[in-house]
Each structure stands twice: as C-alpha cells, then as structure tokens.
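The values are calculated or read from the model by the stated rules, or taken from the named source; none is laboratory data. Keep in mind that what you see is a predicted model, and the values were worked out from it rather than measured. For neighbour counting, all protein chains shown are included, and Cβ atoms are generated from backbone atoms with ideal geometry for every residue, glycine included.
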C-alpha cells in the first residue's frame, strides 16, 4: 500500500527524521493560511505517482493570495490519472545539495538493503551503478552504528553531514521494520543551511502486513479509470506508454506488454478483459483503453472458451456504432478464428496470426500517429 507524501512525512517526524515545516491543505483557504504562516512555500499535489512536477503538480509561491490561486487550480484536477484531493504546503528550502536514501527488500538476498547516492533528485534507475552504495542489513543484527558509518564513508560525505545521515539511517531502518514497509525512500534528502532534511517521502507498506498496522490509514491506490475497471470486474492498470492494450488473460496481457517493449514500443495500460465478449463488455473495455488517449491499440485474443467470432462480432459492432479514432491491430487465434477474421475484414480490419506481427505493427502505427 502506497501512502501520500504528507503521510510519509508525518511518519518521518514521528520517528525523529527532519522534514520541512508545513502541513496538508484541502481547500484554497487553508493553503493561503499555511503560506501566510511559513512564508516562501512550495505547494505539492498529493497523488500516488511520481514526476508530478513535470505534470504541473508542484508550484512555488511567497504570496497567500497566489497560494490560494494555485491550490484552487490543483485541487480537484487530475494529474497522471489521479484526482488531487489535497496539497502539501511547506516551506521552500534553500537546497545546497541533494542526496538519495532508501531502504527496501532485496528479494534475492532475502534481507533489507540500503540504497544511497550523492546524486539525488532523480529516479534511482537513472543513476549510474557506480554512484550507488548498496548495503545489505542482517535482520538479526539491525542497523548498527558501524554500518551507518560505513555507508556514509562510501558516500564520502563531510563529517557534519555524515553524522546527520547516520542518525537518519538508524531512524529510517527502525521505521522500515516497525511499519512492515516494502520501501521507505527519501529523494531528495537535501542539505539546507548545514542541516539534512527529508524534502520528499515515499513509503510503501506490505499489504499482507496491514492487519498489524492498525494505526495507519488505508489509502486507495487506484486511479479513476482503475476504479471504474474494478467496478466492471476488469483487471486494469494505467501505465505511461502510448499503445493501448486489451487481451483475454493476465498472462497473455503481460506477454503483449513485453513484446511491445521488445519492438521499441510502450504500453499505455494493462487490460485483462477476461472471457467476456459481449458488445457491451467490449465497448466498456475499449472506453477504458481510449481514455488514455493512445496513439494505437493492440487487441490480443487467444480463443479457447472465448470464441473468436464472438469477439469479432462484438468489436465490429462497437466500431460500426461508436467508431474508434485511432489505428487498431488485432491478433485473433483459436476457436472459430477464420469466421472471426472474416467478420473483421468486413469492417476493414485484417487480423494477424502471431503476437509478434501484431505488436510490431502496433508500434509502427503508434510512431506514425505521433
């Protein structure tokens, strides 16, 4: 379970990890009041997704009036598929340096691992391997002082900064263990006027341990589209690519995503439409895919219990009645496949034999439709 940044920072403060002054606001008036109290401020939309700054979800201001204006713009808006119900208003820090610090689970080593870098402020995947310090922690021993000193020595931190980071490491590990976390991440961990402060917070709690975490609020992680799909009984996850994906099974859907990536494409979503091939079910599934504004759509059907002609009839009916504004590629194989393909030809769609052919064509069409 992911929790919001402001919740993560409240937990950091509880464990003694320094965080910026500020608090959450749910109305423009609250945002203005908090800004009046703290001065120069940053207003951060609270969503369960990264890269919100690039999406316009973070604003800077020193004016309560402007803070109210920015909060009014953000609250109720949708950023990266998530509705903004709250903003975090906190002091604007003068940042001298940015570090990265996290603790997660190394499933291969079957123990926690500390990840640290002097290159903070970017996704850890983007940091060169040689600039990342990794240190595995033995559960039976925990985060001992000599381990924190080793980590800061590998980072080559100045003495005053090293002492502060060592203290934060002990507290962060304590929080990680006590809250049954899968991830606690501070990115960036900033140096501001000589003090080390957690400028951001990302915390993920193990779903299977929530029964032990009675004091933590339950946070619904689904986007609006994901909630709608859940109500329809469909497995749907929003992704960040530009090719809509619909298939009839979790395994075949995952394989479709991998094949798109192999050919240089990227999926806009994961949609396992299951075995429902009625016109209405197909229409609702396509609406979810189209809501992501893809540049192309790939539909991958392996007909077993689901008959290919039923799928083709449903899709042809939707195309005739509602129209589909982007190119569509279909791979249709299995029970009654020839009959299904004939139905699709009548509405101008040629079905493919293999997933590789269909995926490659979908990538080409998406690139041409940019």
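Residues that are out of contact with any helix residue (DSSP H, G or I) (no Cβ under 7 Å at 6 or more places or on another chain), at pLDDT below 95 and at positive phi do not occur anywhere in segment 123-140. Scan segment 8-41 residue by residue and report those that are surrounded by fewer than 20 Cβ atoms within 10 Å (Cβ to Cβ), without any contact (Cβ under 8 Å) to a residue 60 or more places away in the chain and under 14 Å from residue 199 (Cα atoms). Result: 10, 13. Of the strands (runs of 3 or more DSSP E) lying entirely inside segment 193-248, those containing at least 3 residues that are assigned by TED's automatic domain parsing to the domain that holds residue 160 span 195-198, 202-205. Against the conditions (1) surrounded by 14 or more Cβ atoms within 10 Å (Cβ to Cβ); (2) within 19 Å of residue 6 (Cβ to Cβ); (3) without any contact (Cβ under 8 Å) to a residue 60 or more places away in the chain, residue 66 satisfies every one except (2).
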